[in-house]
1. Can you give the Rg/Rh ratio of the chain, where Rg is from the C-alpha atoms and Rh is the Kirkwood radius?
2. Report, ordered by chain and residue number, the aspartates and glutamates lying within cross-link reach of LYS535, taken as a straight Cα distance under 13 Å and ignoring same-chain residues fewer than 8 apart.
3. log₁₀ I(q)/I(0) of the stretch 479-613 at q = 0.13, 0.19 Å⁻¹, via Debye over equal Cα point scatterers, no solvent, to two decimals?
4. Which residue, ALA359, TYR568, ASN459, has the largest displacement toward the positive end of the dipole of the chain when charges sit on each Cβ (Lys, Arg +1; Asp, Glu -1)?
5. Rounded to the nearest Å, what's the spacing between the alpha carbon centres of the stretch 382-400 and the stretch 65-127? Just the number, please.
6. Put +1 on the Cβ of every Lys and Arg and -1 on every Asp and Glu Cβ in the stretch 106-170; which of ASN129, GLY146, GLY112 then has its Cα farthest towards the positive end of the dipole?
7. Holding the Cα-Cα limit at 22 Å, pick out from LYS290/LYS482; LYS95/LYS332; LYS550/LYS619; LYS310/LYS358 the pairs that are longer than that.
8. Which length gain, in nm to one decimal place, applies between ASP607 and ASP145 when the Cα-Cα distance is subtracted from 0.36 nm times their residue separation?
Amino acid sequence: MNLKICILSFTLILLFRVNAQTRKGYELNKTTRDEIEMISYEKDSTTKAVVLEEKGHFSVDKENNYNFRRDIYKRIKFFDKSEIDRATITIDLYKNEYVKYIKAISYTNEEGNVKKIYLTKDKIYKKKNTDLWTEMSFTLPNVKDGSVIEYSYSVFSPYRHSIDDWYFQSSIPKIKSDFTALIPGNWKYNIRINGFQKLDREESNIKRLCLEIPGIKTGDCLDLKFGMDSVPAFKKEDYMLASKNYMSRLIFELESYTHIDGRVNDYVTTWEDADRTLKKYFLDNQTSKKNYFRKKLPQEIFSIEDKLVKVKAIFKHLQNTLTWNEKHRSTKLRVKESYESKTGSVDALNLILFNTLKAVDIDAHIIALSTRKNGMVTKLHPTTDDFNYFIVKTTVNGEDYLLDISNKNLLFGELPFKTLNGEGRLLDFKKGGEWQTVSPKYYSSTSKKVIFKFDEELNPFGSIQESYKGYFALNKRTKLSKIGDEKLWEEIEETYPDLEIDSLKFNTKDPKDFKINYNFNVPDSEIEKSSTKFKINPFVIDRITKNPFKLKERNYPVNFGYKWSKSYFIDIKTPQGYTLTKYPENTAVSLPNKGGRLLLNSKKTADGLTIYFKYSLNKEAYHSLEYEYLKEYFNKIIKAEEAFIHYTKQE
């Protein structure tokens, strides 16, 4: 990824009063008639809305108790009512944060006259979502095709450590986007520009005398200006990590703070500091509770001599005993309380596993990582902000196992798909932390054996045996545990509407190999036939009909998360009185760099035809330069599965 890095810092020793001008946010009424009469955006004629202009400004506000202040201004043009949700603005506030100076106007062209409607205070709503988060929201009135909305507000935060990311890019294009900041010199930040778009404006200066200790000292600020023009919409597509990894945005991460007396608080300067911060604040010093959990283990586990068998027994015992509360992290992490209540967040449950393994002298470490939706962890400089998930690593007989007990359907050594996001940080406070690749233990595959026969009226029927392994099996186990046999049967029937399923059986004896067996009939409407000929597509299940890759160009990687393959064995008997005249041609296609292989092999037999079809993806992720090859590879899969078998009536 073409990532532009910008590290800016400026430090003062004596300072603190901010000479900031008091203002009530950005002014409105900047919408022009040309914008109101605008019928499309010339640089993206397909877009249904465009940001005409947006601005953000960060500063310290002495009139509001020296809180960090974030001013926002935005103007959006709507070409189609399908984007009308953008007229509802939500502002998330953490604990004691608050909003002031909310202003908004909607503009609509009504028979040549511009109608302006101002937002009134009674249309601004406040809702408490959790103990920590509150939501402010408002909806601009009278928004329809052709409307323009304009709004501004200011957020004040007493938490003087973080500056929110500024997203230059979004799911709709932007004509102009600017962010400015006036940062007191005693705050030192790592500043990064992420994404593929280039800055059109970039300026940093020292603003003199913006800080003061009345009657003693004055100090300076770092004055920053960043801007982009004609920013294209970010196009999401299947098989990608979090959009934020690739969207053009400005990132601020606090490195240090200098007090008025010269003392310096270093937040994260080395990865060793980051590891200690994770232990103290994220894990809340809950990694030394082995004595407690030694008393809680069933006695029979202590008598197990084989280490691997013992670890598996502990894993299964805790997985069955404890229940995940659907949260990744605890606001107040206490592993003893979680164990007693038999429920907890991911960090609590996996810390219980960690402490329990330590209690029986099994080597174990915590790995901090970031989930796929949360974004990738930067390695450009030490940070703790990117991590939001914790798993356990143990090594037995020289083999590594990554463990997570939060999902009762996970096998020993299996991880939730959401954790497959590159590398995590292994925390070792004796030898020092290191990076750990987080990848699947088990290979993922599906195989389907389909046997076709025809009745006297040429209606095909037969049986299907399906086998799922790895993440395909995990998905089936999870679905079965949630909805049960009958509902899963109904779901399969809905997935394959062209089949009439007579009987179905799930085989879950081997959790690594989830099997489904069923008998089926193919409706007459699915066969193309005349008085002397007919043809049938043998790929009656799990056929790909649409290519998931449609973009002309993709600047970010394709990420499947894990390697996988799908295979079919089809045995189709020739109906009596007919001759097999045409069938799928043998095909072999390979992706560059051994990235995957497609193989189709058809073979006539004494009483019919057999088809073996398999395609695989041999890498977890593919570079954007491989995108066109992948797109064509899936076109080949679709074409192979569109093939028909032809029969002609014997004379």
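The values are calculated or read from the model by the stated rules, or taken from the named source; none is laboratory data. Keep in mind the model is a prediction, meaning the values are calculated, not measured. All Cβ positions, even for glycine, are placed from backbone atoms using ideal geometry, and neighbour counts span all protein chains on display. Surface areas here come from the heavy atoms of the whole protein model, side chains and all, with no ligands, DNA or RNA. Shrake-Rupley method; radii C 1.70, N 1.55, O 1.52, S 1.80 Å.
1. Working: Rg = 30.5 Å, Rh = 29.4 Å.
On the Cα set of the chain, Rg over Rh gives 1.04.
2. Within reach: ASP524, GLU526, GLU642.
3. -0.86, -1.36
4. ALA359
5. 42
6. Sorting the options by dipole projection puts first ASN129.
7. Details: LYS290/LYS482 34 Å; LYS95/LYS332 15 Å; LYS550/LYS619 20 Å; LYS310/LYS358 12 Å.
Check vs 22 Å cut-off fails for LYS290/LYS482.
8. Details: separation 462, 0.36 × 462 = 166.32 nm, distance 6.35 nm.
Result for the pair: 160.0 nm of gain on full extension.
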